[in-house]
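For reference, the structure is listed below as structure tokens.
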Amino acid sequence: MRNLKKLFAVVMVVAMLASMMVPALAAGVEYEDEATILQDLGLFQGYGAGELGLADDLTREQGLALMLRVMGLEDEVKAMTEEEVAAELARVVDPETVTATWAKPYVAYAVKNGLTKGIDASILPNVKFAGQLKMTGKEFINLMLNGMGYATAWDDVLTKAAEVEMLSAGESVTFGTVKEMTRDQAVAIMFGALSGITSEGITLAQALVDAGAVDADKMEEYGFIVPEVVPTEAPVE
């Protein structure tokens, strides 16, 4: 752990120096292939009609939905009744910021299960969600860590992401310092998280298979899990 923190510190310094020397470039789409794989696994959705919307900014409303989906919790979200959704949203002090009808069950589920604390911890157990704010990279990484079972101090979020192998140290810094995430960048983090280790000590990919959220053959096809080799007995001579 100590060596990881030293490596992380070095990467952070290099990244900061690079950001001072190189002008910021307009965000482009780099992770369409990864988005397509996640979509095939049932862990990512676009806008319909084949539109992935990867270049779009990521709001907190969208980011929460993406996290819950990649954690294989879609069915649990959809199983909430209207009464349950309303009861949980009653704890949200700014419900008008959850503008999309489809987003309300996701926010309600996250509030119910402690997967979001909003942007003002002083009002807990109520939540100020700020659904239309643009999500930062560090916020989304922290959200993913929450979904993987970790309660991480804010200052340790990027180090933790590297520690659990959700992202490399360099990726943690690169994405963790993004001020306004795109859906494309969120895809990169979600894709990496499948190989990360959950609080249960297994990869997220394996946890999804064990939960029946994703077919094992598909996970094997994309290389996220290795098929178990059953040893054969030597013939008796």
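The values are calculated or read from the model by the stated rules, or taken from the named source; none is laboratory data. Only a predicted model underlies this, so the values are computations on that prediction, with no experimental measurement involved. Glycine gets a Cβ as well: all are built from the backbone with ideal geometry, and neighbour counts include every protein chain shown. The accessibility values were calculated without ligands, DNA or RNA, using every heavy atom of the protein model including side chains. Shrake-Rupley method; radii C 1.70, N 1.55, O 1.52, S 1.80 Å.
Residue by residue through the stretch 10-45, note down the ones that are among the hydrophobic types (A, V, I, L, M, F, W, C) and modelled with pLDDT of 55 or more. Reasoning before the result, please.
Just the residues of the stretch 10-45 that are among the hydrophobic types (A, V, I, L, M, F, W, C), to begin with: 10-18, 20-22, 24-27, 29, 35, 37-38, 41, 43-44.
Matches in the stretch 10-45: V29, A35, I37, L38, L41, L43, F44.
If you go through the stretch 165-205 and keep only what is more than 27 Å from D57 (Cβ to Cβ) and buried (at least 21 other Cβ atoms within 10 Å of the Cβ), you end up with T198, T203, A205.
Could you list all residues from the stretch 114-129 that are surrounded by 19 or more Cβ atoms within 10 Å (Cβ to Cβ) and either at pLDDT 95 or above or within 17 Å of L73 (Cβ to Cβ) (or both)? Answer for the stretch 114-129, where residues must be surrounded by 19 or more Cβ atoms within 10 Å (Cβ to Cβ) and either at pLDDT 95 or above or within 17 Å of L73 (Cβ to Cβ) (or both): T116, V127, F129. Only residues that are aliphatic (A, V, I, L, M) and closer than 21 Å to I189 by Cα: list them for the stretch 120-154, please. Result: L133, M135, I141, L143, M144, L145, M148, A151, A153. Residues that are within 26 Å of E76 (Cα to Cα), touching a strand residue (DSSP E or B) at 6+ places or on another chain (Cβ under 7 Å) and not aliphatic (A, V, I, L, M) within the stretch 138-181 are absent altogether.
Q39 is checked against (1) closer than 30 Å to E221 by Cβ; (2) not in a helix (DSSP H, G or I) and fails just one. What number does that condition carry? So the condition that Q39 fails would be (2).
Scanning the stretch 46-76 for residues that are at pLDDT 90 or above, assigned to a loop (DSSP other than H, G, I, E, B) and either among the charged types (D, E, K, R) or open to solvent by 40 Å² or more (accessible area, probe 1.4 Å) (or both) turns up A55, D56.
Within the stretch 87-113, track down each residue that is of a type outside the set (V, I, T) and open to solvent by 50 Å² or more (accessible area, probe 1.4 Å). Show your work before the answer.
Residues of the stretch 87-113 of a type outside the set (V, I, T): 87-91, 94-96, 100, 102-106, 108-110, 112-113.
Answer for the stretch 87-113, where residues must be of a type outside the set (V, I, T) and open to solvent by 50 Å² or more (accessible area, probe 1.4 Å): A87, A90, R91, P95, E96, W102, K104, K112, N113.
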